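All remarks here apply to the structure that follows.
The values are calculated or read from the model by the stated rules, or taken from the named source; none is laboratory data. Note that the structure is predicted; figures quoted are calculated from it, not measured. A quick note on method: Cβ atoms are made from the backbone with ideal geometry, for glycine too, and the neighbour counts reach across all protein chains shown.
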Amino acid sequence: MVLREKLGAHRRWMIGAGLLVVALAGYFGWHGWQAHEAAVRQAQKPPTAIPVKVVAVRSADFPVYLKGLGTVQPFDTVTVKSRVDGQVIKVAFKQGEMVKEGDILVQIDAKPYQAALDQALAKKAQDEANLKNAETNLERYGDLAKRDFASRQQVDTQQASVDQLTAQLKGDEAMIDSAQTQLDYTTIKSPLTGRAGFRLVDLGNIVHANDTTGMVSIVRMQPISVVFTAPEENVPDVTKALANGDVPADALTSDGKRVLSKGKLALLNNEVDQASGTIRMKASFDNNDNALWPGLSVTTRILVRTVKNATVLAQDAIQHGPNGLFVFVVGPDNKVQTKEIKVAEQDRQDAVVTDGLAAGQKVVLSGQYRLENGATVQPTDAETPTPVASATIAEAPPAAETAPAPKP
(Lines give C-alpha, C1' and ligand atoms only; values in the text may rest on other atoms or scores of the structure.)
Protein backbone atom coordinates (compact mmCIF):
# COMPACT_ATOMS: atom_id res chain seq x y z
CA MET A 1 0.00 0.00 0.00
CA VAL A 2 2.78 2.37 0.94
CA LEU A 3 4.72 1.39 -2.18
CA ARG A 4 1.70 2.19 -4.35
CA GLU A 5 1.37 5.66 -2.85
CA LYS A 6 5.07 6.37 -3.42
CA LEU A 7 4.79 5.34 -7.07
CA GLY A 8 1.75 7.62 -7.57
CA ALA A 9 3.53 10.63 -6.08
CA HIS A 10 6.61 10.00 -8.23
CA ARG A 11 4.46 9.77 -11.34
CA ARG A 12 2.72 13.02 -10.51
CA TRP A 13 6.06 14.74 -9.98
CA MET A 14 7.34 13.52 -13.33
CA ILE A 15 4.23 14.71 -15.12
CA GLY A 16 4.53 18.21 -13.49
CA ALA A 17 8.20 18.46 -14.40
CA GLY A 18 7.46 17.54 -18.01
CA LEU A 19 4.73 20.13 -18.22
CA LEU A 20 7.12 22.73 -16.78
CA VAL A 21 9.80 21.87 -19.36
CA VAL A 22 7.27 22.13 -22.15
CA ALA A 23 6.09 25.53 -20.86
CA LEU A 24 9.64 26.87 -20.58
CA ALA A 25 10.49 25.63 -24.03
CA GLY A 26 7.44 27.33 -25.43
CA TYR A 27 8.26 30.59 -23.65
CA PHE A 28 11.86 30.75 -24.82
CA GLY A 29 10.86 29.72 -28.31
CA TRP A 30 8.32 32.53 -28.47
CA HIS A 31 10.81 35.06 -27.09
CA GLY A 32 13.43 33.99 -29.63
CA TRP A 33 10.95 34.29 -32.46
CA GLN A 34 10.00 37.81 -31.29
CA ALA A 35 13.68 38.84 -31.18
CA HIS A 36 14.24 37.45 -34.64
CA GLU A 37 11.26 39.37 -35.99
CA ALA A 38 12.51 42.59 -34.37
CA ALA A 39 15.95 42.12 -35.90
CA VAL A 40 14.41 41.55 -39.33
CA ARG A 41 12.29 44.67 -38.98
CA GLN A 42 15.32 46.71 -37.84
CA ALA A 43 17.38 45.47 -40.77
CA GLN A 44 14.64 46.44 -43.16
CA LYS A 45 14.42 50.02 -41.78
CA PRO A 46 16.52 52.72 -43.57
CA PRO A 47 19.60 53.93 -41.58
CA THR A 48 19.09 56.97 -39.33
CA ALA A 49 20.43 60.17 -40.92
CA ILE A 50 23.17 61.89 -38.88
CA PRO A 51 22.55 65.63 -38.45
CA VAL A 52 25.52 67.71 -39.62
CA LYS A 53 26.23 71.27 -40.69
CA VAL A 54 27.60 71.78 -44.18
CA VAL A 55 29.29 74.61 -46.01
CA ALA A 56 29.80 75.24 -49.69
CA VAL A 57 33.22 75.49 -51.28
CA ARG A 58 33.44 78.94 -52.81
CA SER A 59 35.58 80.85 -55.29
CA ALA A 60 37.02 84.13 -54.03
CA ASP A 61 40.09 86.37 -54.08
CA PHE A 62 42.27 85.39 -51.13
CA PRO A 63 44.63 88.03 -49.64
CA VAL A 64 47.89 86.66 -48.25
CA TYR A 65 49.26 88.59 -45.29
CA LEU A 66 52.59 88.50 -43.52
CA LYS A 67 52.01 88.92 -39.80
CA GLY A 68 54.33 89.93 -37.02
CA LEU A 69 54.66 91.69 -33.69
CA GLY A 70 55.75 95.31 -33.55
CA THR A 71 56.13 98.37 -31.37
CA VAL A 72 54.77 101.83 -32.09
CA GLN A 73 57.52 104.44 -32.43
CA PRO A 74 57.13 108.16 -33.15
CA PHE A 75 58.89 109.62 -36.17
CA ASP A 76 60.18 112.50 -34.01
CA THR A 77 60.85 112.75 -30.28
CA VAL A 78 62.26 115.94 -28.76
CA THR A 79 63.42 116.55 -25.21
CA VAL A 80 63.01 120.28 -24.69
CA LYS A 81 65.91 121.85 -22.77
CA SER A 82 66.88 125.38 -21.87
CA ARG A 83 69.73 127.00 -23.82
CA VAL A 84 70.29 129.69 -21.19
CA ASP A 85 70.51 129.85 -17.40
CA GLY A 86 67.71 131.46 -15.46
CA GLN A 87 64.60 131.19 -13.35
CA VAL A 88 61.33 129.82 -14.73
CA ILE A 89 58.68 132.53 -14.44
CA LYS A 90 55.96 130.88 -16.57
CA VAL A 91 54.93 127.37 -17.63
CA ALA A 92 52.54 127.76 -20.56
CA PHE A 93 51.71 124.12 -21.43
CA LYS A 94 49.67 121.36 -19.83
CA GLN A 95 51.33 118.00 -19.52
CA GLY A 96 49.79 115.27 -21.63
CA GLU A 97 48.13 117.67 -24.09
CA MET A 98 48.82 118.39 -27.74
CA VAL A 99 51.02 121.39 -28.52
CA LYS A 100 51.60 123.02 -31.88
CA GLU A 101 54.89 123.99 -33.43
CA GLY A 102 55.80 127.48 -32.21
CA ASP A 103 53.62 127.37 -29.07
CA ILE A 104 55.27 128.89 -25.99
CA LEU A 105 56.15 126.20 -23.45
CA VAL A 106 58.26 127.90 -20.80
CA GLN A 107 59.29 131.50 -20.11
CA ILE A 108 62.61 132.19 -18.36
CA ASP A 109 63.35 135.48 -16.61
CA ALA A 110 64.64 137.69 -19.45
CA LYS A 111 65.80 140.74 -17.44
CA PRO A 112 69.54 139.91 -17.43
CA TYR A 113 69.50 139.18 -21.15
CA GLN A 114 67.48 142.29 -21.94
CA ALA A 115 70.05 144.33 -20.05
CA ALA A 116 72.89 142.74 -22.03
CA LEU A 117 71.08 143.58 -25.27
CA ASP A 118 70.54 147.20 -24.18
CA GLN A 119 74.23 147.47 -23.31
CA ALA A 120 75.26 146.15 -26.74
CA LEU A 121 72.90 148.60 -28.44
CA ALA A 122 74.33 151.51 -26.42
CA LYS A 123 77.87 150.48 -27.28
CA LYS A 124 76.96 150.43 -30.97
CA ALA A 125 75.42 153.89 -30.73
CA GLN A 126 78.60 155.19 -29.09
CA ASP A 127 80.83 153.66 -31.75
CA GLU A 128 78.61 155.01 -34.51
CA ALA A 129 79.05 158.53 -33.10
CA ASN A 130 82.83 158.08 -32.88
CA LEU A 131 82.91 156.76 -36.44
CA LYS A 132 80.94 159.74 -37.69
CA ASN A 133 83.38 162.10 -36.00
CA ALA A 134 86.40 160.19 -37.37
CA GLU A 135 84.99 160.30 -40.92
CA THR A 136 84.46 164.06 -40.60
CA ASN A 137 88.04 164.54 -39.44
CA LEU A 138 89.30 162.37 -42.28
CA GLU A 139 87.49 164.53 -44.78
CA ARG A 140 88.93 167.66 -43.19
CA TYR A 141 92.49 166.28 -43.20
CA GLY A 142 92.05 165.34 -46.82
CA ASP A 143 91.15 168.91 -47.79
CA LEU A 144 94.08 170.31 -45.81
CA ALA A 145 96.49 167.84 -47.35
CA LYS A 146 95.51 168.99 -50.83
CA ARG A 147 96.62 172.51 -49.86
CA ASP A 148 99.72 171.26 -48.06
CA PHE A 149 98.40 172.30 -44.63
CA ALA A 150 98.40 168.67 -43.37
CA SER A 151 100.87 165.90 -43.80
CA ARG A 152 100.20 162.62 -45.53
CA GLN A 153 100.90 160.84 -42.23
CA GLN A 154 98.05 162.66 -40.53
CA VAL A 155 95.67 161.60 -43.29
CA ASP A 156 96.77 157.98 -43.05
CA THR A 157 96.47 157.98 -39.26
CA GLN A 158 92.93 159.34 -39.46
CA GLN A 159 92.03 156.77 -42.12
CA ALA A 160 93.22 153.99 -39.79
CA SER A 161 91.04 155.42 -37.03
CA VAL A 162 87.99 155.31 -39.34
CA ASP A 163 88.73 151.71 -40.34
CA GLN A 164 89.16 150.70 -36.71
CA LEU A 165 85.83 152.20 -35.71
CA THR A 166 84.12 150.58 -38.72
CA ALA A 167 85.41 147.18 -37.64
CA GLN A 168 84.34 147.90 -34.08
CA LEU A 169 80.80 148.60 -35.31
CA LYS A 170 80.70 145.19 -36.96
CA GLY A 171 81.76 143.68 -33.63
CA ASP A 172 78.97 145.65 -31.94
CA GLU A 173 76.44 144.23 -34.39
CA ALA A 174 77.66 140.72 -33.63
CA MET A 175 77.32 141.39 -29.90
CA ILE A 176 73.79 142.68 -30.47
CA ASP A 177 72.88 139.56 -32.46
CA SER A 178 74.31 137.36 -29.70
CA ALA A 179 72.47 139.25 -26.97
CA GLN A 180 69.24 139.14 -29.00
CA THR A 181 69.66 135.39 -29.49
CA GLN A 182 70.19 134.82 -25.76
CA LEU A 183 67.13 136.94 -25.06
CA ASP A 184 65.08 134.90 -27.56
CA TYR A 185 66.21 131.70 -25.83
CA THR A 186 64.41 132.82 -22.68
CA THR A 187 61.12 132.11 -24.49
CA ILE A 188 61.12 128.36 -25.09
CA LYS A 189 58.79 127.27 -27.90
CA SER A 190 57.70 123.88 -29.15
CA PRO A 191 59.90 122.71 -32.05
CA LEU A 192 57.17 120.45 -33.44
CA THR A 193 53.49 119.58 -33.26
CA GLY A 194 53.00 116.68 -30.90
CA ARG A 195 51.94 115.50 -27.49
CA ALA A 196 53.69 116.77 -24.38
CA GLY A 197 54.77 114.34 -21.69
CA PHE A 198 55.28 114.90 -17.96
CA ARG A 199 56.37 118.38 -16.91
CA LEU A 200 59.84 118.18 -15.37
CA VAL A 201 60.12 121.80 -14.15
CA ASP A 202 57.86 123.97 -12.04
CA LEU A 203 57.36 127.67 -11.65
CA GLY A 204 60.35 129.20 -9.85
CA ASN A 205 62.86 126.48 -10.70
CA ILE A 206 66.34 127.52 -11.80
CA VAL A 207 67.33 125.87 -15.08
CA HIS A 208 70.71 125.68 -16.74
CA ALA A 209 71.89 125.27 -20.30
CA ASN A 210 73.81 122.13 -19.34
CA ASP A 211 70.90 120.36 -17.62
CA THR A 212 70.54 116.76 -18.81
CA THR A 213 66.95 116.05 -17.77
CA GLY A 214 65.22 118.70 -19.86
CA MET A 215 61.89 120.31 -19.11
CA VAL A 216 59.44 118.18 -21.15
CA SER A 217 59.49 115.65 -23.96
CA ILE A 218 57.30 116.00 -27.04
CA VAL A 219 56.50 113.22 -29.51
CA ARG A 220 55.03 113.60 -32.97
CA MET A 221 51.82 111.54 -33.10
CA GLN A 222 50.75 112.18 -36.69
CA PRO A 223 52.11 110.46 -38.63
CA ILE A 224 53.53 107.64 -36.54
CA SER A 225 55.42 104.45 -37.30
CA VAL A 226 55.45 100.80 -36.24
CA VAL A 227 58.69 98.81 -36.27
CA PHE A 228 58.33 95.04 -36.54
CA THR A 229 60.24 91.96 -37.68
CA ALA A 230 59.62 89.12 -40.11
CA PRO A 231 61.40 85.81 -40.80
CA GLU A 232 64.23 86.11 -43.31
CA GLU A 233 62.60 83.60 -45.69
CA ASN A 234 59.84 86.15 -46.34
CA VAL A 235 62.24 88.80 -47.69
CA PRO A 236 61.62 87.83 -51.37
CA ASP A 237 57.84 88.13 -50.89
CA VAL A 238 58.18 91.58 -49.32
CA THR A 239 60.63 92.92 -51.90
CA LYS A 240 58.40 91.70 -54.72
CA ALA A 241 55.39 93.38 -53.13
CA LEU A 242 57.33 96.65 -52.76
CA ALA A 243 58.39 96.47 -56.40
CA ASN A 244 54.72 96.38 -57.40
CA GLY A 245 53.86 99.60 -55.53
CA ASP A 246 52.63 100.60 -52.08
CA VAL A 247 52.24 97.69 -49.67
CA PRO A 248 49.17 98.07 -47.40
CA ALA A 249 49.89 97.58 -43.70
CA ASP A 250 47.52 97.17 -40.76
CA ALA A 251 48.17 97.66 -37.07
CA LEU A 252 45.98 95.49 -34.85
CA THR A 253 45.59 94.99 -31.12
CA SER A 254 48.12 92.66 -29.52
CA ASP A 255 45.60 89.79 -29.67
CA GLY A 256 45.07 90.43 -33.39
CA LYS A 257 41.29 90.80 -33.09
CA ARG A 258 40.76 94.50 -33.85
CA VAL A 259 42.30 96.80 -36.45
CA LEU A 260 43.63 100.00 -34.87
CA SER A 261 44.95 101.81 -37.94
CA LYS A 262 45.70 101.34 -41.62
CA GLY A 263 48.85 102.54 -43.34
CA LYS A 264 51.57 101.33 -45.65
CA LEU A 265 54.99 99.74 -45.47
CA ALA A 266 57.63 102.50 -45.33
CA LEU A 267 60.89 100.59 -45.54
CA LEU A 268 62.59 97.23 -45.40
CA ASN A 269 65.89 97.19 -43.53
CA ASN A 270 69.06 96.76 -45.58
CA GLU A 271 70.30 93.67 -43.74
CA VAL A 272 69.08 90.54 -41.97
CA ASP A 273 69.84 90.03 -38.29
CA GLN A 274 71.92 86.86 -38.46
CA ALA A 275 71.51 86.17 -34.75
CA SER A 276 67.71 85.94 -34.92
CA GLY A 277 67.19 85.20 -38.62
CA THR A 278 64.77 88.09 -38.95
CA ILE A 279 64.63 91.38 -40.79
CA ARG A 280 63.26 94.67 -39.47
CA MET A 281 60.60 96.68 -41.25
CA LYS A 282 58.83 99.96 -40.61
CA ALA A 283 55.26 100.89 -41.52
CA SER A 284 53.82 104.41 -41.37
CA PHE A 285 50.30 105.39 -40.30
CA ASP A 286 48.44 108.71 -40.44
CA ASN A 287 47.05 108.03 -36.94
CA ASN A 288 44.49 110.80 -37.23
CA ASP A 289 42.48 109.35 -34.34
CA ASN A 290 45.57 108.80 -32.15
CA ALA A 291 44.77 105.09 -31.85
CA LEU A 292 48.48 104.28 -31.97
CA TRP A 293 50.51 105.36 -28.96
CA PRO A 294 54.31 105.40 -28.71
CA GLY A 295 55.55 102.23 -27.05
CA LEU A 296 52.33 100.31 -27.69
CA SER A 297 52.75 96.64 -28.65
CA VAL A 298 50.69 95.73 -31.71
CA THR A 299 50.17 92.91 -34.17
CA THR A 300 51.10 93.89 -37.70
CA ARG A 301 50.16 92.50 -41.08
CA ILE A 302 51.19 93.53 -44.56
CA LEU A 303 49.54 92.41 -47.78
CA VAL A 304 52.19 90.62 -49.84
CA ARG A 305 49.95 89.21 -52.57
CA THR A 306 46.39 88.21 -53.49
CA VAL A 307 45.42 84.80 -54.90
CA LYS A 308 42.82 85.49 -57.59
CA ASN A 309 39.74 83.23 -57.96
CA ALA A 310 40.99 80.80 -55.33
CA THR A 311 39.03 77.75 -54.19
CA VAL A 312 38.29 78.69 -50.59
CA LEU A 313 37.05 76.40 -47.81
CA ALA A 314 36.36 77.03 -44.12
CA GLN A 315 39.16 75.75 -41.89
CA ASP A 316 36.76 73.84 -39.60
CA ALA A 317 35.79 71.52 -42.44
CA ILE A 318 39.36 70.24 -42.91
CA GLN A 319 40.30 67.03 -41.08
CA HIS A 320 43.68 65.44 -40.39
CA GLY A 321 44.18 61.77 -41.26
CA PRO A 322 47.11 59.37 -41.57
CA ASN A 323 47.46 60.21 -45.26
CA GLY A 324 47.16 63.98 -44.82
CA LEU A 325 44.24 66.39 -45.04
CA PHE A 326 40.75 65.31 -46.06
CA VAL A 327 37.11 66.42 -45.93
CA PHE A 328 33.68 64.80 -45.93
CA VAL A 329 31.89 65.68 -49.17
CA VAL A 330 28.08 65.43 -49.16
CA GLY A 331 26.63 63.87 -52.31
CA PRO A 332 23.22 64.49 -53.92
CA ASP A 333 21.84 61.45 -52.01
CA ASN A 334 22.97 62.97 -48.69
CA LYS A 335 25.67 60.35 -48.29
CA VAL A 336 29.21 61.42 -47.41
CA GLN A 337 32.49 60.36 -48.95
CA THR A 338 35.97 61.25 -47.76
CA LYS A 339 38.08 63.30 -50.13
CA GLU A 340 41.79 63.98 -49.75
CA ILE A 341 42.77 67.59 -50.44
CA LYS A 342 45.84 69.81 -50.72
CA VAL A 343 46.04 73.25 -49.12
CA ALA A 344 48.31 76.14 -50.14
CA GLU A 345 47.53 79.29 -48.11
CA GLN A 346 45.49 79.43 -44.93
CA ASP A 347 44.54 81.56 -41.97
CA ARG A 348 42.51 81.02 -38.82
CA GLN A 349 39.25 81.03 -40.76
CA ASP A 350 39.76 79.86 -44.34
CA ALA A 351 42.14 77.89 -46.52
CA VAL A 352 42.96 77.83 -50.23
CA VAL A 353 42.44 74.32 -51.64
CA THR A 354 44.62 73.58 -54.65
CA ASP A 355 43.52 69.98 -55.28
CA GLY A 356 40.53 67.77 -54.44
CA LEU A 357 37.59 70.18 -54.42
CA ALA A 358 35.68 72.47 -56.74
CA ALA A 359 33.57 75.54 -56.03
CA GLY A 360 29.96 74.69 -55.19
CA GLN A 361 30.57 71.32 -53.51
CA LYS A 362 29.01 70.78 -50.08
CA VAL A 363 31.40 69.79 -47.31
CA VAL A 364 30.65 68.82 -43.71
CA LEU A 365 31.59 71.67 -41.38
CA SER A 366 30.77 70.13 -37.98
CA GLY A 367 29.80 66.70 -36.66
CA GLN A 368 32.56 64.79 -38.49
CA TYR A 369 33.40 62.58 -35.49
CA ARG A 370 30.26 60.46 -36.13
CA LEU A 371 30.85 59.97 -39.84
CA GLU A 372 32.40 57.30 -42.03
CA ASN A 373 32.35 56.62 -45.75
CA GLY A 374 28.81 56.08 -47.02
CA ALA A 375 27.08 57.44 -43.92
CA THR A 376 23.74 59.13 -44.51
CA VAL A 377 23.50 62.65 -43.16
CA GLN A 378 20.84 65.23 -42.54
CA PRO A 379 22.62 68.39 -43.77
CA THR A 380 21.92 71.87 -42.50
CA ASP A 381 23.57 74.87 -44.13
CA ALA A 382 25.90 76.70 -41.78
CA GLU A 383 25.89 80.47 -41.49
CA THR A 384 27.25 82.28 -44.51
CA PRO A 385 31.00 82.69 -43.92
CA THR A 386 32.39 86.17 -43.56
CA PRO A 387 34.61 87.48 -46.38
CA VAL A 388 38.15 86.20 -46.52
CA ALA A 389 40.24 88.01 -43.90
CA SER A 390 43.86 87.04 -44.36
CA ALA A 391 46.33 84.29 -45.03
CA THR A 392 49.35 84.25 -42.80
CA ILE A 393 52.53 82.95 -44.35
CA ALA A 394 54.60 83.33 -41.22
CA GLU A 395 52.63 81.39 -38.61
CA ALA A 396 51.72 77.74 -38.14
CA PRO A 397 48.24 76.57 -39.21
CA PRO A 398 45.72 76.13 -36.39
CA ALA A 399 44.78 72.64 -35.21
CA ALA A 400 41.57 71.32 -36.79
CA GLU A 401 38.96 68.96 -35.35
CA THR A 402 40.18 65.37 -35.45
CA ALA A 403 37.91 62.89 -37.24
CA PRO A 404 38.16 59.17 -37.98
CA ALA A 405 40.59 58.29 -40.72
CA PRO A 406 38.99 57.71 -44.11
CA LYS A 407 38.07 54.12 -44.79
CA PRO A 408 39.09 52.57 -48.11
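Quick check on this structure: which one of ILE206, ILE218 is in contact (Cβ under 8 Å) with a residue 12 or more places away in the chain, of a type in the set (Val, Ile, Thr) and closer than 30 Å to PHE75 by Cα?
Details: ILE206 fails: closer than 30 Å to PHE75 by Cα.
Answer to the selection: ILE218.
Name the pairs whose Cβ atoms lie under 7 Å apart, with the first residue in the stretch 120-138 and free of Cβ contacts under 8 Å to residues at least 40 places away in the same chain, the second hydrophobic (A, V, I, L, M, F, W, C) and surrounded by 12 or more Cβ atoms within 10 Å (Cβ to Cβ), and 6 or more positions between them or separate chains?
Short answer, once both residue conditions are applied: ASN130/LEU165; LEU131/VAL162; LEU131/LEU165; LEU131/LEU169; ALA134/VAL162; ALA134/LEU165; GLU135/VAL162; LEU138/VAL162.
With THR299, THR239, THR253 as the choices, which residue is modelled with pLDDT of 90 or more, of a type outside the set (Lys, Arg) and surrounded by 20 or more Cβ atoms within 10 Å (Cβ to Cβ)? Step through it out loud before you land on a result.
Working: THR239 fails: surrounded by 20 or more Cβ atoms within 10 Å (Cβ to Cβ); THR253 fails: surrounded by 20 or more Cβ atoms within 10 Å (Cβ to Cβ).
Answer to the check: THR299.
Of everything in the stretch 190-205, what is of a type in the set (S, T, N, Q) and buried (at least 19 other Cβ atoms within 10 Å of the Cβ)? Give them in sequence order.
Of all residues in the stretch 190-205, those of a type in the set (S, T, N, Q) come to 190, 193, 205.
SER190 - this is the single residue of the stretch 190-205 that is of a type in the set (S, T, N, Q) and buried (at least 19 other Cβ atoms within 10 Å of the Cβ).
What is the residue count in the stretch 160-179 for residues that are crowded, with 16+ Cβ neighbours inside 10 Å and out of contact with any Asp or Glu (no Cβ under 7 Å at 6 or more places or on another chain)?
So the count comes out to 4.
Filter the stretch 256-279 down to the residues that are without any contact (Cβ under 8 Å) to a residue 60 or more places away in the chain, within 20 Å of the chain's Cα centre (by Cα) and not in a strand (DSSP E or B), then identify the one that is surrounded by the most Cβ atoms within 10 Å (Cβ to Cβ).
Here is the first cut: in the stretch 256-279, the residues without any contact (Cβ under 8 Å) to a residue 60 or more places away in the chain are 257-279.
Retained after the next criterion (residues that are within 20 Å of the chain's Cα centre (by Cα)): 257-269, 278-279.
Right, trim to not in a strand (DSSP E or B) and you get 257-258, 269.
On the way: LYS257: 8, ARG258: 10, ASN269: 14.
Among residues in the stretch 256-279 that are without any contact (Cβ under 8 Å) to a residue 60 or more places away in the chain, within 20 Å of the chain's Cα centre (by Cα) and not in a strand (DSSP E or B), the one surrounded by the most Cβ atoms within 10 Å (Cβ to Cβ) is ASN269.
Find the residue count for the stretch 212-252, including only residues that are closer than 14 Å to ILE279 by Cβ and under 12 Å from the mean Cα position of the chain (by Cα).
3
Yes or no: ASN287 crowded, with 16+ Cβ neighbours inside 10 Å and closer than 30 Å to LEU105 by Cα?
yes
Filter the strands (runs of 3 or more DSSP E) completely within the stretch 111-225 down to those with at least 1 residues that are under 30 Å from ARG301 (Cβ atoms).
Values: elements: 187-189, 194-196, 216-219.
Per the criteria, 194-196, 216-219.
Of the residues ASP381, ASP347, ASP355, which is among the acidic types (Asp, Glu) and modelled with pLDDT of 90 or more? So that I can check it myself, show each step before the final result.
Working: ASP381 fails: modelled with pLDDT of 90 or more; ASP347 fails: modelled with pLDDT of 90 or more.
The unique qualifying residue is ASP355.
Taking only the stretch 307-323 into account, find how many residues are loosely packed, with under 15 Cβ neighbours inside 10 Å and either at pLDDT 90 or above or under 25 Å from PRO51 (Cβ atoms) (or both). Lay out the reasoning, then the answer.
Residues of the stretch 307-323 loosely packed, with under 15 Cβ neighbours inside 10 Å: 308-309, 320-323.
Checking which are either at pLDDT 90 or above or under 25 Å from PRO51 (Cβ atoms) (or both) leaves us with 308-309, 320-321.
Residues flagged as loosely packed, with under 15 Cβ neighbours inside 10 Å and either at pLDDT 90 or above or under 25 Å from PRO51 (Cβ atoms) (or both) within the stretch 307-323 amount to 4.
For the structure I just gave you, tell me whether LEU165 is touching a residue at least 12 places away in the same chain (Cβ under 8 Å) and of a type in the set (A, V, I, L, M, F, W, C). Step through it out loud before you land on a result.
Details: touching a residue at least 12 places away in the same chain (Cβ under 8 Å): yes; of a type in the set (A, V, I, L, M, F, W, C): yes.
Criteria met by LEU165.
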